[in-house]
1. What does the net charge come to around residue 398 if you take all other residues with beta carbon closer than 13 Å to its beta carbon, with K and R at +1 and D and E at -1?
2. When N counts the residues of the stretch 301-381, how does its alpha-carbon radius of gyration compare numerically with 2.2 N^0.38 Å, as a ratio?
3. In whole angstrom, how long is each semi-axis of the equivalent ellipsoid of the stretch 229-371, when you take the square root of 5 times every eigenvalue of its Cα gyration tensor and sort them from largest down?
4. Arrange the following residues from fewest to most other Cβ atoms within 10 Å of their Cβ: 217, 398.
5. On a 25 Å Cα-Cα criterion, which of the cross-link pairs 433/501; 152/190; 85/133; 152/181; 89/128; 89/158 come out too long?
6. Which value, in Å to one decimal place, does the Kirkwood hydrodynamic radius take for the chain when every pair of different Cα atoms is included?
7. About its Cα centre, how strong a charge dipole does the chain have in debye, to the nearest 20, once Lys and Arg get +1 and Asp and Glu get -1 at the Cβ?
8. Tell me, how many Å apart are the Cα centres for the stretch 63-141 and for the stretch 210-236?
Amino acid sequence: MTLPRVSGILLHPTSLPGPWGIGEIGPQAETFIRDLAAMRQQFWQVLPLGPTGYGDSPYQSFSSFAGNPLLISFDRLAAEGLLSKTALKKFPRLSDEHVDFGAVIPARLAVLRAVCRAFARRAPAQMKQAFEKFCTHHADWLDDYALFMALKELHDGKPWTEWAPKFAQREAKALQLAQQKCRATIREIKIQQFLFERQWQALHQYAQRHGIRIIGDVPIFVAQDSADVWAHPELFALDASGRPTVVAGVPPDYFSATGQLWGNPLYRWDVHAQTGYAWWLARLRRTLELVDLVRLDHFRGFEAYWEIPADEPTAVNGHWVKGPGAQFFAAIRDALGGLPLIAEDLGLITDEVHALRDQFALPGMRVLQFSFGHLGREAQLLPTAYPENTVVYTGTHDNDTLRGWFCSDPERDGTRSAEAVCAERHYVLDYLKKSDDCEIHWDLIELAFHNQARIAIVPLQDVLGLGSEARMNTPGQPAGNWQWRVRTGALTSALRQRLAKLTTATGRAR
């Protein structure tokens, strides 16, 4: 894939401003798109858009195909007559500075349920017809997802492996009875998905009209407690009860003596190959209905992945297993007519992974924050060595903000010694030829934009110059993630003009 020389902003929709407890895909999202255009950007990068499960993480979704109903715009529902303004007046007052998921989820789902129950009465005939067409067109994943979520509600939210065995094992007669018993709930879930689809596609078209393309995100692994695994157990390494026999993670390294135990079920790649990777093709096609380009998370797992016995307490006692490799990407390329993918190739990557990426001319990723530590310098990952077919980031959703990273308290930084932190700061300033760090975030944004990498992506937090309080996710931290929201008006005219000027000066403007 040949990349243009462009730039963009990373911001998940949940982080948008607005009055209803969480960012939405309505008026505030359109405002952000206009801001992107004003800043001469061409990409808006988001995180996975699915309904969030454990820990409210976009990377632990109940479905790889469904949309997150929490993103549905209440203002748009009201404008279309599906939601009364009286109901919105009764909505609880929630924080506009962060997402309080514990309060947001029940409050918003209560509103959405009321909208769905009134859909037959309030929706115009044309919208009802569109809903029926949506259900038919997406039946291959929507029917399973809606039944899964209805059964989950019937079992008080428990993981599907803890449901009554007849439901967990998908006994045909039991599922038929469940479809009858949960008919109203199933319809509500389908209406929510229709409303998400309707609003997202309108937003996507709005972005296209403003010259903005959207980069989506596909995690390599899926959540165990998901419609994906429940509906297709044959595609995953599970025991007779549906529990994983082996799980995903990464081995011990410089950052963790015990590695990372992610716990996601692993694929039976031999079964996927026998189907011509049909499930993966459907997953990518669905994602590309919503976005223009896809960041493929943990790309190295397609060459080889770390397999850990499911009963292990850490990732130490795992081993490398070969992934589907070139056969997989050739099948995807042939079916899709191309590979609109960005390979997330961060971390300790082997020559074999690089070869697989380059065989299919996939752009890789580089993160400025990783370049200046001693590991980055030893591996020759300094910005001057970035390949042209690369997407350079100042940071990702898993990184601290630039200011948070650079100004971190050595006494509180658990990953680096005080000496290492200080040495890294001095090295960065020397590299940038700066005597102070008063605008370190802009210095590093400028470095990314001047870089030879074809695409430069900056989290909005870095444009705003925010500290660690605006960090989106801290890997390994079980709570308090994914909550950051931008304040209304934070992206000022002066900031928009400054980024537009830099974008033009570095040859990245439209």
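1. Net charge in that neighbourhood comes out at -2.
2. Dividing the Cα Rg of the stretch 301-381 by 2.2 N^0.38 Å gives 1.31.
3. Values: eigenvalues 118, 97, 33 Å².
The equivalent ellipsoid of the stretch 229-371 has semi-axes of 24, 22, 13 Å.
4. Working: 217 23, 398 14.
Sorted ascending by nearby Cβ count, the order is 398, 217.
5. On the way: 433/501 22 Å; 152/190 15 Å; 85/133 28 Å; 152/181 13 Å; 89/128 27 Å; 89/158 33 Å.
The answer is 85/133; 89/128; 89/158.
6. Details: mean 1/r = 0.0416 Å⁻¹.
In the chain this quantity evaluates to 24.1 Å.
7. Taking the Cα centre of the chain as origin, the dipole is about 2420 debye.
8. Value for the Cα centre distance between the two parts: 22 Å.
Bear in mind that the values in this text are calculations on the coordinates, not laboratory data. Here the structure is a predicted model, which means the values were calculated and not measured. Glycine also receives a Cβ, built like all others from the backbone with ideal geometry; neighbour counts cover every protein chain displayed.
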